[in-house]
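Colleague: Take this structure, written in structure tokens, and hold onto it; I'll ask about it next.
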Amino acid sequence: MFRSIRSRITITFVILIIITMLGLGIFISQHSRREYLQHQQSELAIAARMISDAILPGLQGNADPQSLDAQAKYYASLLDMRVTIIASSGEVLGDSEGNAAQMENHNDRPEIVQALAQGQGNSTRFSDTLGVSMLYLAMAVPSNEEPLGVVRVALPLQKLESDIYRMQQTILLATLIAAALATFLAAFIAERTAHPLKELTKAVEEIATGKFKTGFVASSLIASTHDEIGKLAQVFNQMAAHLNTQINALESERVKTTAVLQEMSDGVFIIDAEGKICLLNLAAERIFAISSDTALGVSFAEVVRYHQLIELWQHCKDTGEAQSAAVEIPDKPLYLLVIAAPLGKVAPGNILLLIQNLTRLRQTERTRRDFISNISHELRTPLASLKALTETLQEGAMNDPTAAHRFLQRMEKEVDALSLMVSELLELSRIESGQVPLNYKATSPHDLIAQAVERLRLQAERAGLTINIDCPIGLPNIQADASRLEQVLVNLIHNAIKFTPAGGGISVKAQPGENEHKLGTVQFSVQDTGIGIPANELPRIFERFYKTDRSRSGGGTGLGLAIARHMVEAHGGKIWAESQEGQGSTFYFCIPMAQ
Ligand code: ADP
């Protein structure tokens with residue numbers, strides 16, 4: 001019933017008004033009734049005195065009862081009331097309403113008794129003569145000694161009551177009108193009081209539901225009221241503006257933090273007290289090949305299945321102290337530097353994991369180490385051989401011209417191998433650092449293949465191998481530095497010759513690139529029927545110094561394919577190999593067509 005301020009104020013007011021008005025009405029009507037009756041009494045007294053003065057001579061001179069009766073009737077009609085003249089004995093001398101002669105002695109009437117004793121008497125009682133209730137006032141007609149008689153005037157109570165009833169009705173009507181006006185006023189005041197509160201409530205609700213904007217509380221609220229609610233609205237507006245500034249500041253901080261977090265190259269996880277992931281960044285997604293959609297809210301141990309990481313997190317959680325460790329996951333391969341730190345009081349039980357991915361750095365380091373060890377290894381053999389030959393010469397072989405000549409020839413070979421390796425290394429490093437200027441021209445694939453094959457045909461024939469070309473007429477030109485790309489083909493054909501036993505065949509092909517990645521390119525291939533490459537070694541053959549079969553590769557440096565890969569990639573192309581051990585290998589590369 002009192003759930004809203006408006007109804008509380010209205011209903012309280014209305015009850016209060018009704019009680020007050022009702023009390024006031026009853027009081028006024030009682031008071032008016034009393035006043036009215038008193039007023040009527042005093043009117044009756046005046047009338048009785050006047051009549052008493054008028055009939056005094058009549059009573060003194062023993063006047064004719066007829067004339068007294070007539071006087072009674074005369075004054076009764078003049079004053080519109082009942083008039084009775086009674087002798088001090090109680091005998092009725094005249095009466096305006098009845099027949100005086102027939103009326104009984106009135107000396108027992110209380111008002112008469114009182115008047116004869118005290119000069120004036122009154123009573124309200126039932127009239128035997130008239131058969132109605134009357135208001136009586138009797139006044140003794142004074143003389144020197146005993147009263148001469150009594151004048152009694154009376155008004156029927158019914159008339160007085162109906163006057164009073166009318167008066168009370170008027171009071172009731174006035175009360176009702178006043179109550180209605182007061183009720184209306186109460187409702188109006190209640191509405192005026194409650195309205196700004198309602199607006200405020202709406203604004204607070206907007207804040208609570210997050211749909212909040214600055215200045216939401218209408219300025220009319222403040223303008224319309226200058227009372228406590230107006231002040232409240234004003235303070236609320238200030239608070240709202242302050243809140244909004246803070247929300248905006250927080251939001252911009254959040255955006256910045258998110259941007260930093262997402263752009264970071266280090267992976268970040270925040271794991272809650274229950275071990276579930278409550279935040280992760282893009283780098284973390286990339287490192288562990290997971291998606292935040294599936295990882296958020298899921299157990300860390302379930303998402304990242306590496307026990308080293310889980311143990312580190314667990315240890316940090318148990319000790320409450322920051323932990324760090326280098327974690328290597330060889331299967332991936334991944335090499336990570338992980339720091340686990342508790343978030344402390346900010347978020348008790350939550351752990352921050354910072355993951356630095358050092359895999360590439362590690363790989364580069366390993367490649368560099370491998371490179372140095374490879375190059376030392378490659379240099380050691382010719383150098384040791386040179387050293388042995390020089391020693392042998394110094395120890396006397398120099399004096400044997402035939403032996404000396406052979407030794408010098410071998411020394412020359414070793415020096416050639418060394419200088420080939422040095423020049424290839426130099427070439428590779430120049431290509432890698434982008435220092436080799438490529439002289440692009442529209443080049444015919446057919447010419448390219450023909451020249452490369454021509455350079456090696458003799459060598460192939462000597463090795464007992466057939467070599468053929470398969471290049472359709474009308475193949476589009478490619479955009480290439482012809483001499484460099486010819487060198488790539490020579491390297492591949494040279495390898496095919498080296499790794500194919502006599503009697504085998506080599507086929508050099510060119511055709512338009514087929515699948516979607518190779519559209520707009522010409523695909524070259526060098527196929528042999530040689531020894532092939534083991535499947536596990538296939539992915540590594542393009543690395544520097546990589547040789548599958550050291551005994552067979554002979555004077556090879558292991559740099560030929562690395563140079564070929566770099567050169568093809570410098571042309572915007574791609575190189576790869578397919579092979580079946582014991583059956584042969586096919587090397588492919590594709591080069592973009594000329595515009
Ligand atoms: P190399 O100068 O030693 O030939 P490459 O870089 O040209 O060095 O080749 C690397 C390794 O790949 C070789 O040592 C060989 O083991 C392997 N290889 C290359 N081409 C072939 C081929 N056609 N058939 C079999 N193995 C090959």
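Colleague: Counting DSSP beta bridges with both partners in the chain, what percentage is antiparallel, nearest 5? Before the final figure, lay out the partial values.
Modeller: Details: 72 of 77 bridges.
Antiparallel bridges make up about 95 percent of those DSSP assigns within the chain.
Colleague: Follow-up. Excluding same-chain residues fewer than 8 positions from Lys256, which lysines have a Cα within less than 18 Å of its Cα?
Modeller: In chain and number order, there are no partners.
Colleague: Compare Glu378, Glu104 by solvent-accessible area with a 1.4 Å probe and give them largest first, with all protein chains kept in place. Please list the in-between numbers first.
Modeller: Numbers: Glu378 25, Glu104 100 Å².
So, going from the largest accessible area down, we get Glu104, Glu378.
Colleague: If you don't mind, there's one more thing I want to ask. How far apart, in nanometres, would the label points at Glu328 and Met50 be if each is projected 7 angstrom from Cα along the Cα-to-Cβ direction?
Modeller: Reported label-point gap for Glu328 and Met50 is 13.7 nm.
Colleague: Of Ile171, Ile189, Gln102, whose Cα points farthest to the positive end of the dipole of region 71-224 (charges on the beta-carbon: +1 Lys, Arg; -1 Asp, Glu; origin at the Cα centre)?
Modeller: Positive-end residue among those listed: Ile189.
Colleague: Could you look at the chain and say what percent of its accessible area is carbon and sulfur, using a 1.4 Å probe and all protein chains? Can you show the working numbers first?
Modeller: Details: 19130 of 34000 Å².
About 56 percent, which is the carbon plus sulfur part of the accessible surface.
Colleague: Something else now. Relative to the longest principal axis of the C-alpha atoms of the chain, give the angle of the C-alpha long axis of helix 5-60, reported between 0 and 90° and rounded to the nearest 10°.
Modeller: The helix 5-60 is inclined about 10 degrees to the chain.
Colleague: Whole-Hz Karplus ³J(HN,Hα) for region 380-392, in order, using 6.51 cos²θ - 1.76 cosθ + 1.60 and θ = phi - 60°, x for Gly and Pro?
Modeller: Values per residue, Gly and Pro as x: 4, 4, x, 5, 4, 5, 4, 4, 4, 5, 4, 4, 4 Hz.
Colleague: Next question. Could you tell me how many degrees, from 0 to 90 and to the nearest 10, lie between the Cα long axis of helix 157-208 and the main elongation axis, the longest principal axis, of the Cα atoms of the chain?
Modeller: Helix 157-208 sits at roughly 10 degrees to that axis.
Colleague: How big is the dipole moment of the chain about its Cα centre under a simple scheme where the beta carbon of each Lys and Arg is +1, that of each Asp and Glu is -1, and everything else is neutral? Debye, nearest 20, please.
Modeller: Once rounded to the nearest 20, the dipole reads 2160 debye.
Colleague: Quick one: Cα centre-to-centre distance for region 1-36 and region 346-383, in angstrom?
Modeller: Centre-to-centre distance over Cα atoms comes out at 95 Å.
Colleague: Considering only Ile467, Phe499, Leu489, whose Cα is most displaced toward the positive end of the charge dipole of region 446-503, charges sitting on Cβ of Lys, Arg (+1) and Asp, Glu (-1)?
Modeller: Phe499
Colleague: So, one more: Can you tell me which of 566-574, 245-253, 458-466, 491-499 comes out highest on packing, and rank the rest after it, using the mean Cβ neighbours within 10 Å?
Modeller: 491-499, 566-574, 458-466, 245-253
Colleague: Quick one: how many Å² of Tyr306 are accessible to a 1.4 Å probe, rounded to 10?
Modeller: Rounded to the nearest 10, the figure is 50 Å².
Colleague: Using only the heavy atoms of the protein chains and a 1.4 Å probe, how would Phe126, Phe236, Phe184, Phe524 rank by accessible area, largest first? Could the numbers behind the result be given before it?
Modeller: On the way: Phe126 115, Phe236 20, Phe184 145, Phe524 0 Å².
In descending accessible area the options line up as Phe184, Phe126, Phe236, Phe524.
Colleague: Full-extension gain between Asp416 and Arg166, please, as 0.36 nm times their residue separation minus the C-alpha to C-alpha distance. Each step should come with its number before you reach the end.
Modeller: On the way: separation 250, 0.36 × 250 = 90.00 nm, distance 14.41 nm.
Length gained between Asp416 and Arg166: 75.6 nm.
Colleague: Leu458 to Asn515: extension gain in nm, 0.36 nm per residue of separation minus the Cα-Cα distance?
Modeller: Details: separation 57, 0.36 × 57 = 20.52 nm, distance 3.53 nm.
Roughly 17.0 nm would be gained on extension.
Colleague: For region 5-163, just say rounded, prolate or oblate: build the C-alpha gyration tensor, square-root its eigenvalues into a ≥ b ≥ c, call rounded for a/c under 1.5, and beyond that prolate if a/b exceeds b/c, oblate if not. Mind dumping the intermediate values first?
Modeller: Numbers: a/c = 3.44, a/b = 3.02, b/c = 1.14.
Cα axes put region 5-163 in the prolate bin.
Colleague: Based on Cβ point charges of +1 for Lys and Arg and -1 for Asp and Glu, what charge dipole magnitude is obtained for region 441-592 about its Cα centre, in debye rounded to the nearest 20?
Modeller: Numbers: 15 positive and 15 negative charges, 85 e Å.
Using only the charged Cβ atoms, the result is roughly 400 debye.
Colleague: To the nearest 10 Å², what's Lys441's accessible area with a 1.4 Å probe?
Modeller: In the full protein context, Lys441 sits at about 120 Å².
Colleague: Can you give the extra length, in nm with one decimal, that the chain gains between Val346 and Asp80 once fully stretched, where that is 0.36 nm per residue apart less the Cα-Cα distance? Working shown, then result.
Modeller: Numbers: separation 266, 0.36 × 266 = 95.76 nm, distance 10.02 nm.
Using 0.36 nm per residue and subtracting the Cα-Cα distance, I get 85.7 nm.
Colleague: For Thr124 and Asp227, what does the FRET efficiency come to when R0 = 60 Å and r is the distance between their Cβ atoms, rounded to the nearest 0.05? Write out the running numbers ahead of the final one.
Modeller: Working: r = 57 Å, r/R0 = 0.94.
After rounding to 0.05, the efficiency reads 0.60.
Colleague: For region 441-592, what relative contact order do you get, as a whole percent, if you take Cα pairs closer than 8 Å and at least 6 residues apart?
Modeller: Values: 300 pairs, mean separation 37.2, N = 152.
In percent, rounded to a whole number, it is 24.
Colleague: Could you tell me how many degrees, from 0 to 90 and to the nearest 10, lie between the Cα long axis of helix 65-79 and the main elongation axis, the longest principal axis, of the Cα atoms of the chain?
Modeller: Helix 65-79 sits at roughly 20 degrees to that axis.
Colleague: Further question: So how much accessible area does Asp331 have, in Å² to the nearest 10, using a 1.4 Å probe?
Modeller: Accessible surface of Asp331 is approximately 140 Å².
Colleague: While we're looking at this one, here's another question. Dipole of the chain (Lys/Arg Cβ +1, Asp/Glu Cβ -1, origin at the Cα centre): which of Leu56, Ile355, Phe587 lies farthest to the positive side?
Modeller: Phe587
Colleague: Semi-axes of the equivalent ellipsoid for the chain, please: Cα gyration tensor eigenvalues, times 5, square-rooted, ordered largest first, whole Å. Before the final figure, lay out each step's value.
Modeller: On the way: eigenvalues 4008, 139, 65 Å².
Ellipsoid half-lengths, sorted descending, are 142, 26, 18 Å.
Colleague: Continuing with this model, one more query. How would Asp370, Asp80 rank on accessible area, largest to smallest, probe 1.4 Å? Spell out each step's value before the answer.
Modeller: On the way: Asp370 65, Asp80 105 Å².
Sorted descending by solvent-accessible area, the residues read Asp80, Asp370.
Colleague: With Cβ to Cβ distances under 14 Å as the rule, what net charge do the other residues near Leu337 carry (K, R +1; D, E -1)?
Modeller: Numbers: positive: Arg360, Arg362; negative: Asp266, Glu328, Glu365.
So the surrounding residues net to -1.
Colleague: At Glu578 and Gln158, where each label point lies 7 Å from the Cα along Cα→Cβ, what is the point-to-point distance in nanometres?
Modeller: That separation, rounded to one decimal, is 13.3 nm.
Colleague: Return one whole number: the accessible area per residue of region 264-357 in Å², for a 1.4 Å probe.
Modeller: Numbers: 4850 Å² over 94 residues.
For region 264-357, the solvent-accessible area averages 52 Å² per residue.
Colleague: With every protein chain left in place, what is the accessible area per residue of region 554-595 in square angstrom, probe 1.4 Å? Intermediate values should be presented prior to the final figure.
Modeller: Working: 1770 Å² over 42 residues.
In whole numbers, region 554-595 has 42 Å² accessible per residue.
Colleague: Further question on the same structure: About its Cα centre, how strong a charge dipole does region 264-357 have in debye, to the nearest 20, once Lys and Arg get +1 and Asp and Glu get -1 at the Cβ? The partial results should precede the final answer.
Modeller: Details: 6 positive and 11 negative charges, 22 e Å.
Charge dipole of region 264-357: 100 debye, to the nearest 20.
Colleague: Follow-up question, since we're still on this one. Hey, what did the chain get for relative contact order, percent, Cα under 8 Å, at least 6 apart? The partial results should precede the final answer.
Modeller: Numbers: 875 pairs, mean separation 41.9, N = 595.
Value for the chain: 7 percent.
The values are calculated or read from the model by the stated rules, or taken from the named source; none is laboratory data. Not measured: the values here are computed from a predicted model. Cβ: placed from backbone, ideal geometry, glycine included. Neighbour counts: every protein chain shown. Protein only, heavy atoms only, side chains kept; ligands, DNA and RNA dropped before computing areas. Shrake-Rupley method; radii C 1.70, N 1.55, O 1.52, S 1.80 Å.
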